Amino acid sequence: SSANDIAKYLAWHIDNQSIDTSNGPDLIKVIESLKGRSKTLIEMVDGMKLFYHDFHDFDEQLAAKHFNSNSKIIINLLIEKLDKLSNWSAENIHETVKNICVELDIGFGKVGQPFRLALSGNGKAGSIDIVAELVGKNRTINRLRMALDYINLSS
């Protein structure tokens, strides 16, 4: 189905979950990003929340696994480098993550996992560069800062 068709079917679910789609990115772009990862409309609506609503907690099991002293360095670098991006695009975000991997001599997952958790709160997010682009620069940086606070309070 096209994203426009899916949007029609999602309307009731979006309303039922009180998701304010005016408080974030274009709904069609979000649907496109979630289409391949969602088996049902309910899964899709669950996946949409991170684009339109802020959250205040991280999944504790995932945080125990992905938020540590190493990820503190990674998240600090993400904040520093992403904040400097003048053109907020998935391509530039991906390039930034790649550069951090090279700089720290680590694999993409070592940066991707804490970044994904910081962005989503629950680790359930698609391609992090696309998600970060859609979430927007301010929200992305704020969520990374929230992850840092979480790590600092936990350690």
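Values quoted throughout were computed directly from the atomic coordinates according to the rules given, and no laboratory measurement underlies them. For clarity, every value in this text was computed on a predicted model and none was experimentally measured. When we count neighbours, we look across all protein chains shown, and the Cβ atoms used for this are built from the backbone with ideal geometry, even at glycine.
What the table below lists for this structure:
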quantity	calculated
Relative contact order for the chain, counting Cα pairs under 8 Å that sit 6 or more residues apart, in percent	27
Rounded FRET efficiency, nearest 0.05, which uses the C-beta distance separating Tyr9 from Phe108 and R0 of 30 Å	0.30
Net charge dipole size for the chain [Lys, Arg +1 and Asp, Glu -1 on Cβ; Debye, nearest 20]	200
Dipole of the range 3-52, positive end: most advanced residue of Thr21, Ala11, Ile42 [Cβ charges, Cα centre]	Ile42
Extended-chain gain in nm, criterion 0.36 nm per residue less alpha-carbon gap, Lys29 and Asn142	38.5 nm
Extension gain (nm, one decimal) between Ser154 and Ser1, 0.36 nm per residue minus Cα-Cα	50.7 nm
Net length gained if the chain between Lys124 and Ala90 were fully extended (0.36 nm per residue, minus Cα distance)	10.5 nm
Semi-axis lengths (Å, descending) of the ellipsoid that matches the C-alpha gyration tensor of the chain	28, 17, 13
Residue with peak Gaussian network fluctuation, the chain [Cα springs, cutoff 10 Å], from Gly107, Gly136, Gly47	Gly107
Restraint check, Lys81/Lys110; Lys98/Lys137; Lys29/Lys65; Lys29/Lys110; Lys29/Lys137; Lys8/Lys35, Cα-Cα greater than 20 Å	Lys29/Lys65; Lys29/Lys110
The range 81-155: trypsin sites (Lys or Arg not before Pro) falling in loop per DSSP and having at most 13 other Cβ within 10 Å	Lys84
Distance between the range 74-105 and the range 1-58 - C-alpha centres, whole angstrom	26
Cα-based convex hull volume of the range 3-52 per residue, rounded to whole Å³	65
